[in-house]
Amino acid sequence: MKNKTNCKIVEILNLSDKELIELSAKNVFSLSLDEMKAAQCYFKKLKRNPTDAEMETIAQTWSEHCKHKTLTGIIEYREEKCSKKIKRTYNNLLKETVFKAAMELNKKWCLSVFKDNAGVIEFDSKNGVAFKVETHNHPSALEPYGGSATGVGGVIRDILGVGLGAKPLANTAAFCFGNPDTKPSQVPKGMHHPKRIAKGVVAGVRDYGNRMGIPTVNGAVYFDDGYMANPLVYCGAMGIIPKDKIEKKVNSGDLILIVGGRTGRDGIHGATFSSIQLNQESDVGSVQIGNPIVEKKVLDAMLKARDLNLYGAVTDCGAGGLSSAIGELGEKTGVIVYLDKVPLKYDGLCPWEIWVSEAQERMVFAVPPKNKKKIVELFKKENVEAVFVGKFTKDKKLTLKYDGGVAASMDMSFLHDGIPKPTRLAVCKIKEEKVQKPVKMNSADLSKALKAVLSDLNVCSKEWIVRQYDHEVQGQTIVKPLHGANIEVSGPGDAAVIFPYTAAKGTKKGVVLSNGLNPQYGKINTYKMAASAIEESLRNAAAVGADVEKMSVLDNFCWGNPNKSEILGSLVRAANACYDMSKAFEIPFISGKDSLHNEYSIGGKKYSIPPALLISAMGIIENAANTVTMPLKNEGNKIFILGVTRNELGGSVLAKIKNIKNGIVPDVYPKESKKIMKMIYKSINNGLIESCHDCSEGGLAVAVSEMAFAGDKGVKVDIDAIKTKGELTVAETLFSESNGRFAVEVRSENESKFKEIFKSCVFAAVGCVTEDKNVIFESVKNKIKVKEKSRNLLNAWRDTINW
Amino acid sequence: MKKVKTLILRTAGTNCDYETQAAFELCGATAERAHINSLIENKNKIFEYDILAFPGGFSYGDDIASGKILANEIKNKLGDRIKKFALRGKPVIGVCNGFQVLLKMGLLPDPKLFEQISTLYYNDSDKFECRWAYLKTEKKVKNESNCIWTKNLPDVITLPVAHGEGKFIPINAKLLEELNRNNQIVFRYSTKDGGTPEYPLAPNGSVEQIAGICNAQGNVFGLMPHPERYVFALQHPAREGFDGEYGWGKIVFQNAVDFVK
């Protein structure tokens, strides 16, 4: 091949297996031996060595980040439970679990599922809503502020890059960090302190989201030492898109337009680096540098271009940069790209660096030649840089030119289908869970425990974080992340509701966003962790008034090293739970993402993170005004607990605080739980519910206390009236984290109508709202009375995170 | 009847333009979102409008200081027109970043002087804060506000604030005294019953709890809280409002539209 470019030739034709592995490691290709051999074989056929640009393109395209090769590869699964053995082979785990459930459910209102940058469901007759959640874990470990900021920027571009572009309406953010109170001496060498990571990550999400003018409305924060050196940062975005803009089409002859930020050396190897364990030598240069105002300009201008039908396709530059974005758009046609035309931040980049740089705020458009002038003119009027860099061809080849020479020339079919399918072994030995010894506490201990649970890092107020996010910009957040009867008090909302009255004029509908996440359960049982996360996300949405029949979910698996068979085995179980729950609740998955290889090494020893599955739920509410919040409203109203309280302290906050051994991890009973959710929806639409809150971390004692202090009210609960399965102690009843339960407030005059609706569900009237601002839990049978001022409980909940 | 025409000026980083547009439309006006480039291109365009609005956001990323770059750009490229517009007594509003822009170009507190003599500085909490606040409406002129935007409001209302740089500071005590004397202080952060608040009810540490001011004439109004985010009762945390449907913010926009009519 003629080589006048700045490309280097990579010698691979005559390398041994050992040398191929070394080459892959040295260049951060993150390719396996089989993959290196596939590349070698391809170039042997071409009778030449590849250029560096070609090898980099292969590495990016075949990266775990872009190709999800573990979960789409072959998995030999072995499960053992009480000497019962199961064997199963998965040819594509995702297609056989989350995706399969979506296909089988075949919901008419699913408009675009698992095929674009985000999943899209129907909003109304004219619009769809798109939702996507991404992770940005490794960058956030190295550079917390930049890592999380570009995580937000990246997922917003997924929304801009879905179909022909959606208008973002809301962001979400969930994090897992190490304990922020860790002694500095206990932080692994070369790693940031968890508090520094937490503060940096929050600041990054704040600054990018606020400057984009997108409200960050929903999220979760989870603290566990397993995330000390490898935090998890999930960033989500939701947007609205006209139904006739959901499909994109690239035609041969269309021009390739790059819009937005310039290309620099930041974010080189982001995609491939995410598949390598972190250690103190990890390169900060792989973290991108964000500039939200550039992205905001792109957003403002591109939606105008969209509505003028000036382009046929768009996608974002994310992992792998131009190589992924242009490579994906041109997969069926072929492309020719003149890399020397790409606008650069500064001189000195090699062709391959231009091609794989993950510099931020860039979008790629396929523009019919007739609109060439118009579209550039439109971007120019808004001070947005837009430059044509090549075109879509007919030859099904990837051709890169630089200074007149050829930097790369490969077949699209090899790039996209030439990756060998790996086979991995997955093993799961299921341990039987045992009930703990009965947990007995007296009134004083229970009082102490209640305050300790409320102030636990995983229960306590996240107000310090939430208030730094502009969660009300656009004016459409009608169920907010924090609630209070007045400005002086607050409590945690279950889900956010967006009422898109400016984006869909005249609408009455709302979009609900919620999530479920509990890695603590996953340390014992990843099946139950996944099932609980799904149920929790739906429960949160149901608590504000969502229709469970109109809900959809996203999966985000963050796991350790999948080459270890036990770790992969625990992932297979979680994926199976996703399939089972999706089918049982009839809730389709519409999109997802996985981040594997969350592993770090300290002193040569490798550690994988505790597995985490974030489930993010989105649904449509027919009448946004028919939603409720969690603060108690009026004295004299009745309190009901819906659902069964079981002896399920496994993985609970109480078990952690009290160091309780054993315990059953909360299970999910889909039939029971879905029925209650449907009845809540019915009751809210009939105006029968004043306030509603889901019982999750910390159990029902926490849920009822939060309702009281957020409402600036008192509450009296008769513990003996709570419906339990079997005999539970008072502590078990109050702090068990059984799924499927809600605390609701009902006016006395509505009590009979309310009871009529719930007659076939398990529920009980357990108390009432009182005037005296005391929270009281009483069991006459056990001679227990817990009495605390609701303001004191509020302070216990509020004071933990006040940085 | 004649349609009242509103111009909503936007640039890179503006982000409250859609809800501001919706608020004016709700009050019966037309509202056009225009990029500053289009106004610089056609300098007399602003005189086609009755009301001028500077919405919230992070103009040019709030680099240097919040609103500063846009303030300079407007002053240098459109200054004489903007000044004329204000001095003609037409309603002008700046919310949040828009307020920062008005102060930094000097259209507030005195459009005749047209020089920066006050600022909005970093919150005392040193962080961005998004929360609801009680606001006391100053009613010193026949028990009514001196500002055309804030007539017909109850003594204390609530509005959301969302900013990192909202601490109002006048250049000296004399100016503060003038603002008080000329009834230019429109809103102060307060407690529920109109008393003097402490953090977080005083969200930023403003001098004399000042949340919004107007010019002496009362037609140019700037405030940190967001009236456009509370035009429906549904937008209030506890769904409070008037006529069962609307929020207090709507009255602010309605006043300006009615004033033009």
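The values are calculated or read from the model by the stated rules, or taken from the named source; none is laboratory data. Predicted model, so just to flag it, every value in this text is computed and none were measured. In this analysis, Cβ positions are derived from the backbone assuming ideal geometry, glycine residues included, and neighbour counts consider all displayed protein chains.
What residue, among those in the stretch B:65-76 that are part of a helix (DSSP H, G or I) and within 12 Å of chain A (Cβ to nearest Cβ), is surrounded by the fewest Cβ atoms within 10 Å (Cβ to Cβ)?
B:Glu73
Of all residues in the stretch A:483-498, count the ones that are surrounded by fewer than 24 Cβ atoms within 10 Å (Cβ to Cβ) and either over 17 Å from A:Glu690 (Cα atoms) or more than 11 Å from every other protein chain (Cβ to nearest Cβ) (or both).
Selection size over the stretch A:483-498: 4.
A quick yes/no check of all residues on (1) within 29 Å of A:Gly516 (Cα to Cα); (2) at pLDDT below 95; (3) assigned to a helix (DSSP H, G or I):
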| position | (1), (2), (3) |
| --- | --- |
| A:Ile240 | yes, no, no |
| A:Glu247 | no, no, no |
| A:Leu257 | no, no, no |
| A:Gly290 | yes, yes, no |
| A:Met302 | no, no, yes |
| A:Ala319 | yes, yes, no |
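Output the residue which, of all residues in the stretch B:138-150 that are out of contact with any strand residue (DSSP E or B) (no Cβ under 6 Å at 6 or more places or on another chain) and touching a residue at least 24 places away in the same chain (Cβ under 8 Å), is farthest from the other protein chains (Cβ to nearest Cβ).
B:Val141
Any chance the stretch A:337-348 includes a residue that's of a type outside the set (A, V, I, L, M) and either over 18 Å from A:Val387 (Cα atoms) or in the same structural domain as A:His65 (by TED's automatic domain parsing) (or both)?
Yes, the stretch A:337-348 contains a residue that is of a type outside the set (A, V, I, L, M) and either over 18 Å from A:Val387 (Cα atoms) or in the same structural domain as A:His65 (by TED's automatic domain parsing) (or both).
Kindly evaluate A:Gly213 against the criterion of being crowded, with 21+ Cβ neighbours inside 10 Å, touching a residue at least 40 places away in the same chain (Cβ under 8 Å), within 14 Å of another protein chain (Cβ to nearest Cβ) and of a type outside the set (A, V, I, L, M).
When the stated conditions are applied, A:Gly213 passes them.
List every residue pair whose Cβ atoms lie under 9 Å apart, where the two residues are 6 or more positions apart in sequence or sit on different chains, the first residue falls within the stretch A:291-314 and is more than 23 Å from A:Pro368 (Cα to Cα), and the second residue, located anywhere, is β-branched (Val, Ile, Thr) and in a loop (DSSP other than H, G, I, E, B).
Within 9 Å, the pairs are A:Val294/A:Val384.
Yes/no matrix, rows are residues, columns are (1) without any contact (Cβ under 8 Å) to a residue 60 or more places away in the chain; (2) in contact with a strand residue (DSSP E or B) (Cβ under 7 Å, 6 or more places away or on another chain); (3) closer than 16 Å to A:Thr423 by Cβ:
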site	(1), (2), (3)
A:Glu76	no, yes, yes
A:Glu79	no, yes, no
A:Cys82	no, no, no
A:Asn92	yes, no, yes
A:Ala102	no, yes, no
A:Lys107	no, no, no
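Just checking, does the stretch B:54-64 include any residue being part of a loop (DSSP other than H, G, I, E, B) and under 23 Å from B:Asn180 (Cβ atoms)?
No, that holds for no residue.
Quick check on my filter: what residues within the stretch A:467-482 are more than 7 Å from chain B (Cβ to nearest Cβ) and free of Cβ contacts under 8 Å to residues at least 24 places away in the same chain?
Of everything in the stretch A:467-482, just one residue is more than 7 Å from chain B (Cβ to nearest Cβ) and free of Cβ contacts under 8 Å to residues at least 24 places away in the same chain, namely A:Leu482.
Please tell me if B:Gly89 is more than 14 Å from every other protein chain (Cβ to nearest Cβ), surrounded by fewer than 19 Cβ atoms within 10 Å (Cβ to Cβ) and part of a loop (DSSP other than H, G, I, E, B).
yes
Looking at (1) over 16 Å from A:Met238 (Cβ atoms); (2) at pLDDT 95 or above; (3) within 13 Å of chain B (Cβ to nearest Cβ), which is the only condition A:Lys505 fails?
(2)
Just for helices (runs of 4 or more DSSP H) wholly inside the stretch A:686-803: which have at least 1 residues that are surrounded by fewer than 20 Cβ atoms within 10 Å (Cβ to Cβ) and among the basic types (Lys, Arg)?
A:751-757, A:790-798
Considering only the stretch B:10-27, state which residues are of a type in the set (Phe, Trp, Tyr) and free of Cβ contacts under 8 Å to residues at least 60 places away in the same chain.
Result: B:Tyr18, single match.
I'd like to verify a number: residues in the stretch A:58-96 that are more than 24 Å from A:Leu31 (Cβ to Cβ) and part of a strand (DSSP E or B), how many?
Final tally of qualifying residues: 11.
Any idea which of A:Val628, A:Val665 is outside any helix (DSSP H, G or I), hydrophobic (A, V, I, L, M, F, W, C) and over 26 Å from A:Phe499 (Cβ atoms)?
Residue meeting the stated conditions: A:Val665.
Working only within the stretch B:1-53, note down all residues that are among the small types (Gly, Ala, Ser), out of contact with any strand residue (DSSP E or B) (no Cβ under 7 Å at 6 or more places or on another chain) and more than 9 Å from every other protein chain (Cβ to nearest Cβ).
B:Gly28, the sole residue that qualifies.
For the stretch B:182-261, which strands (runs of 3 or more DSSP E) that fit wholly inside it have 2 or more residues that are within 14 Å of chain A (Cβ to nearest Cβ) and touching a residue at least 12 places away in the same chain (Cβ under 8 Å)?
Where strands (runs of 3 or more DSSP E) fall fully within the stretch B:182-261 and carry at least 2 residues being within 14 Å of chain A (Cβ to nearest Cβ) and touching a residue at least 12 places away in the same chain (Cβ under 8 Å), they are B:185-190.
Can you list residue pairs whose Cβ atoms sit under 9 Å apart, with the first residue in the stretch A:176-203 being under 20 Å from A:Lys605 (Cβ atoms) and crowded, with 19+ Cβ neighbours inside 10 Å and the second being hydrophobic (A, V, I, L, M, F, W, C) and modelled with pLDDT of 95 or more? Count only pairs 6 or more apart in sequence or on different chains.
Every condition considered, the pairs that remain are A:Gly178/A:Ile197; A:Gly178/A:Ala198; A:Gly178/A:Phe223; A:Met191/A:Ile197; A:Pro194/A:Phe177; A:Pro194/A:Phe223.
Looking only at the stretch B:130-151, filter to residues that are under 30 Å from A:Thr477 (Cα atoms) and β-branched (Val, Ile, Thr); which one of those is surrounded by the most Cβ atoms within 10 Å (Cβ to Cβ)?
Within the stretch B:130-151, the match that is surrounded by the most Cβ atoms within 10 Å (Cβ to Cβ) is B:Thr150.
From A:Ser565, A:Ser616, which residue is touching a strand residue (DSSP E or B) at 6+ places or on another chain (Cβ under 9 Å), surrounded by fewer than 23 Cβ atoms within 10 Å (Cβ to Cβ), hydroxyl-bearing (Ser, Thr, Tyr) and modelled with pLDDT of 95 or more?
Criteria check complete, one pass: A:Ser565.
Let me spell it out: the conditions are (1) touching a helix residue (DSSP H, G or I) at 6+ places or on another chain (Cβ under 7 Å); (2) farther than 27 Å from A:Thr733 by Cα, and A:Ala449 meets all of them except one. Which number is the exception?
(2)
Can you find a residue that is farther than 30 Å from A:Val217 by Cβ, away from every other protein chain (no Cβ under 14 Å) and touching a strand residue (DSSP E or B) at 6+ places or on another chain (Cβ under 6 Å) anywhere in the stretch B:121-134?
Scanning the stretch B:121-134 turns up no residue that is farther than 30 Å from A:Val217 by Cβ, away from every other protein chain (no Cβ under 14 Å) and touching a strand residue (DSSP E or B) at 6+ places or on another chain (Cβ under 6 Å).
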